[in-house]
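Worksheet for the structure shown next.
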Amino acid sequence: MAHDHSLNPETMPHHPEKATLEGKNKFLGLWFFLGGETVLFASLFGTYLALKNSTAGGPTSEELFGLELVFLMTMLLLTSSLTSVYAMYHMKNNDFKKMQLWLGITGLLGVAFLACEIYEFYHYIHEYGFTFRSSAFGSAFYTLVGFHGGHVLFGLSWLAAIMIRNAKRGLNLYNAPKFNTFSLYWHFIDVVWVFIFTVVYLMGKVA
Amino acid sequence: MTNHTKSNEFHKQQNKEEMKKQLITFATMIIFTIIAFIIVGSGLMSKMLAIPLLLILALIQVAFQFYYFMHMKDKGHDMVAIMIYGGVWAAILTVAALSLVIWW
C-alpha cells in the first residue's frame, strides 16, 4: 500500500497533479507540445488565408457557410471546456466519481461537436459538390478544419482510454497528472476552434 | 487529525472561490461569442470595421482560456509562458509570411 500512492481525502496534497516529479514533467511536456501545435495550426491558417479566394468557379465561403450550425458547434465545444474545468475542480477535491461524471459529460459534448462537423462536411460535399479536390479553397478548408476535427477525435479516444483504464483505480498521485494533461489539451482544442470560427466562418461570411 | 481536516476545509473553500472565477470566465466567453456572431449575422457593420473587431474578440477569448481555464495566471507558470509564447511568436511569423505571399 505504501507504494501505490493511494491517499485518502485528508492527506491528498493541494495540487495532486503536480505533487510528483512525473506529474511536473507531464505538465511541462504537454505545454511544450502545445507550443509546437500552435505553429502547426498557424501554418494551416496561413495556407487557408492565402487560398480562400481560389474557388475555381465553385462555391465561395459566403455561399457555403451557415452561421447557425457553427454557433451550435461553438457552444458545444465552449461548454465542454467548462465541464472539464469542473472535472479538474472535483479532482482537486479528491472526488473521483464526480470527476469521472464531468469528464463523461465533456466526452459527450465532444462527440456531439464531431457529429455536427461530419454532418457539415457531408452537406457541403453532397449539396454543393464542394470537396477536398474541387478547388484550392476546398483543400485548404478541409485540411484546416479537418485537422482540428482530428484533434477532437484524438482527444476523445485519449479521454476514453484514461477513464476506462483508471475506472477501478480511483484517484491517486499516479493518475491525477494524466487527467490534468488531458484537460489542458482539451482547452487547447477550444483555443484553436475560437480562431477557426472567427477566421474561417465569421470572416468568411463578412468578406 | 483536526488540523488536517481544517486545512482540507481551507483548500475546499479556496477551490470553490476559484470555481466561481471560472464560471465568470465562461459567462464572459459566451457573451463575447454571441457579440461576434451578432456582428456578422446582422450585417450592419462594414468589412473594414468588422474584421479587426472580430479578431480582437477572439484574442480576448483566447487570453481568458489560457490564463483562467488553463491556469496560466497561477504561480509556477513561467516556463509554460516561455513555451507557449515561443509558439505564438513563430505562429505570427508563419501567418505573416504566408499572408505576404498573396499580396504580391
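The values are calculated or read from the model by the stated rules, or taken from the named source; none is laboratory data. All values derive from a computational prediction rather than experimental measurement. Methodologically, a virtual Cβ is constructed for each residue, glycine included, from the backbone with ideal geometry; neighbour enumeration extends over all protein chains shown. Surface areas here come from the heavy atoms of the whole protein model, side chains and all, with no ligands, DNA or RNA. Shrake-Rupley method; radii C 1.70, N 1.55, O 1.52, S 1.80 Å.
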Worksheet item: Do we have B:Ile24 as more than 9 Å from chain A (Cβ to nearest Cβ) and either open to solvent by 90 Å² or more (accessible area, probe 1.4 Å) or out of contact with any helix residue (DSSP H, G or I) (no Cβ under 8 Å at 6 or more places or on another chain) (or both) here?
Response: yes
Discussion item. Here is a check on your reading of the model: is B:Met19 surrounded by 16 or more Cβ atoms within 10 Å (Cβ to Cβ), at pLDDT below 95 and outside the structural domain of B:Met83 (by TED's automatic domain parsing)?
Written reply: yes
Worksheet item: Here is a list of conditions, (1) in a helix (DSSP H, G or I); (2) open to solvent by 20 Å² or more (accessible area, probe 1.4 Å), and A:Asn94 meets all of them except one; can you say which number that is?
Response: (1)
Worksheet item: In region A:56-88, how many residues are touching a residue at least 24 places away in the same chain (Cβ under 8 Å), open to solvent by 50 Å² or more (accessible area, probe 1.4 Å) and under 24 Å from the mean Cα position of the chain (by Cα)?
Response: 1
Discussion item. Could you go through region B:43-56 and let me know if any residue there is under 16 Å from A:Met75 (Cβ atoms) and either free of Cβ contacts under 8 Å to residues at least 24 places away in the same chain or over 20 Å from the mean Cα position of the chain (by Cα) (or both).
Written reply: no
Discussion item. So, in region A:153-176, exactly how many residues are assigned to a helix (DSSP H, G or I) and either without any contact (Cβ under 8 Å) to a residue 60 or more places away in the chain or more than 18 Å from the chain's Cα centre (by Cα) (or both)?
Written reply: 13
Worksheet entry | Conditions (1) modelled with pLDDT of 95 or more; (2) open to solvent by 60 Å² or more (accessible area, probe 1.4 Å); (3) not assigned by TED's automatic domain parsing to the domain that holds B:Glu18: number failed by B:Ile31 | (3)
Fill in: Count of region A:14-38 residues which are assigned to a helix (DSSP H, G or I), more than 7 Å from every other protein chain (Cβ to nearest Cβ) and of a type outside the set (Lys, Arg)
11
Item to complete: Identify all residues within region A:139-197 that are hydroxyl-bearing (Ser, Thr, Tyr), over 18 Å from A:Lys18 (Cβ atoms) and in contact with a helix residue (DSSP H, G or I) (Cβ under 8 Å, 6 or more places away or on another chain); write none if there are none.
Response: A:Ser139, A:Tyr142, A:Thr143
Worksheet item: Could you say whether any residue in region B:81-97 is open to solvent by 60 Å² or more (accessible area, probe 1.4 Å), at the interface with chain A (Cβ under 7 Å from one of its Cβ atoms) and over 24 Å from A:Ala50 (Cα atoms)?
Response: no
